[in-house]
Amino acid sequence: MSAAVTSRQLDSFFAVSRHAGAKPAPIWQVWARRIRVRRALAALHPEQCREAGLDVHAIRAESLKPFWRA
């Protein structure tokens, strides 16, 4: 039995890591990463999502978001 990925876990995947004293990534880098990841998510077949334990509906919702939305 596999656990489905929640929208909260997807949000943490897109979060920019911040180390003590480190500057946050420029917004264009964050947006570029979101574009790449969301395109990759959109390319997944529903069976691949299920095999990986991901919720197909959460993946679809995430992949349809515009890049400027977290």
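The values are calculated or read from the model by the stated rules, or taken from the named source; none is laboratory data. Given the structure is predicted, the values throughout are model-derived calculations rather than measurements. Heads up, the Cβs are rebuilt from the backbone with ideal geometry, glycines too, and the neighbour counts pull from every protein chain shown.
Right, G21: exposed (fewer than 12 other Cβ atoms within 10 Å of the Cβ), in contact with a Ser or Thr (Cβ under 6 Å, 6 or more places away or on another chain) and modelled with pLDDT under 95 or not? No; evaluated as a whole, the condition is false for this residue. Screening the candidates V16, V30, V5 for the property of being touching a Lys or Arg at 6+ places or on another chain (Cβ under 9 Å) and at pLDDT below 95 yields one hit, V16. Contact annotation: residue pairs with Cβ atoms under 9 Å, 6 or more positions apart or on different chains, pairing a residue in region 22-37 that is part of a helix (DSSP H, G or I) with a partner that is among the aliphatic types (A, V, I, L, M), are Q29/V16; V30/V16; V30/A70; R33/V16; R33/A25; R34/A70.
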